[in-house]
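The values are calculated or read from the model by the stated rules, or taken from the named source; none is laboratory data. Since this is a predicted model, take the numbers as computed values, not measurements. Using ideal geometry, Cβ is built from the backbone for each residue, glycine included, and neighbour counts are taken over all protein chains shown.
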Ligand code: SF4
Ligand code: FES
């Protein structure tokens with residue numbers, strides 16, 4: 001048997017607190033409360049252990065990681081531990097006063113997310129007045145500091161028409177990388193799917209613009225394109241395979257193979273408060289449950305893509321087929337593939353009210 005490689009990256013969800021309220025957020029519907037968050041010393045232990053385990057990259061994420069007052073201290077600790085540090089932020093809290101301590105602490109890269117290119121639409125979507133203007137300032141600040149910048153745009157029905165403006169904005173901001181990511185339908189995004197899922201015509205428009213830009217900007221700017229599962233014939237290799245490349249630490253300290261894993265009922269996820277990262281990675285039932293190919297249903301087990309996409313996404317299989325151990329319905333070989341077509345057919349009304357991501361704002365059961 002091949003020995004288990006260490007995780008390539010650790011995603012540290014420092015907090016679920018966030019000044020924005022994006023309706024496509026993939027955070028769980030039940031957000032961790034601030035009082036349950038790991039303390040600074042706990043996070044430092046996690047970072048030290050991660051480096052010892054062989055993790056190469058740390059992604060500080062959330063919620064909004066900049067809502068944690070100890071972010072600079074944690075960046076400095078990660079840097080001293082030899083980790084490559086990426087900050088995934090909305091940018092609205094990235095002031096001049098924050099930029100220079102982050103640089104001194106050893107940050108390597110920052111990713112800023114944008115809701116749109118039109119200020120009114122972006123601010124409406126993020127639920128944050130003047131948020132778009134603050135993001136533009138943050139992106140310029142990052143570039144002026146000399147740090148590499150990734151500009152991330154999440155695509156959905158209500159902003160897809162502005163794809164060419166998004167690519168132009170990323171270029172104008174001097175981003176090294178532009179990420180055009182179709183919404184991934186977990187958490188709040190799944191709740192709002194009817195109002196977010198683009199039409200086939202919109203998808204074609206976005207794809208064409210991305211292909212044009214990839215050709216035009218080749219060698220200058222990398223353009224990543226995350227396609228929507230709902231129009232796919234084969235699923236994505238979610239997280240590069242369960243327990244294969246990533247380890248996610250939720251704000252409360254639970255260790256998860258992916259950000260949505262807690263949606264799977266009956267699973268118990270170990271906490272970094274009780275167990276070492278090494279134990280969690282190599283020996284916990286949660287990480288072993290869907291690792292590799294042994295757990296796969298027969299459709300995947302007999303398929304030559306089984307070690308390419310690893311059967312797709314467990315959380316999507318649960319959400320759409322009712323069974324986390326099923327072939328991902330994004331795969332046309334899945335007996336549940338029809339649910340993707342049904343979802344597309346149902347997502348015709350862009351005027352539907354969106355449910356903003358807000359603690360305690362869940363619709364009533366059955367609504
Ligand atoms: Fe991937 Fe399973 Fe579909 Fe094969 S059958 S393409 S392994 S999801
Ligand atoms: Fe959980 Fe894909 S989001 S496995």
statement: Expected single match for crowded, with 18+ Cβ neighbours inside 10 Å and more than 20 Å from residue 107 (Cβ to Cβ) among 205, 190, 173, 149 is 190
task: Select from region 240-257 the residues that are within 16 Å of ligand 1 (Cβ to nearest atom) and either modelled with pLDDT under 95 or in contact with a helix residue (DSSP H, G or I) (Cβ under 9 Å, 6 or more places away or on another chain) (or both) and list them in ascending order.
output: 242
task: Say whether the condition of being within 16 Å of ligand 1 (Cβ to nearest atom), in contact with a helix residue (DSSP H, G or I) (Cβ under 8 Å, 6 or more places away or on another chain) and modelled with pLDDT of 95 or more is met by at least one residue in region 276-289.
output: no
- line: residue 317: passes all of (1) in a loop (DSSP other than H, G, I, E, B); (2) within 11 Å of ligand 2 (Cβ to nearest atom); (3) farther than 22 Å from residue 7 by Cα but (1)
statement: Flagged in region 292-312 as within 13 Å of ligand 2 (Cβ to nearest atom) and more than 23 Å from residue 55 (Cα to Cα), in numbering order, are 295, 311, 312
field: Residue, nearest to ligand 1 (Cβ to nearest atom), within region 263-275, restricted to residues that are buried (at least 19 other Cβ atoms within 10 Å of the Cβ) and more than 16 Å from residue 45 (Cα to Cα)
entry: 264
field: Criterion (in contact with a helix residue (DSSP H, G or I) (Cβ under 7 Å, 6 or more places away or on another chain), touching a residue at least 24 places away in the same chain (Cβ under 8 Å) and over 30 Å from residue 227 (Cβ atoms)) met by exactly one of 131, 91, 106
entry: 106
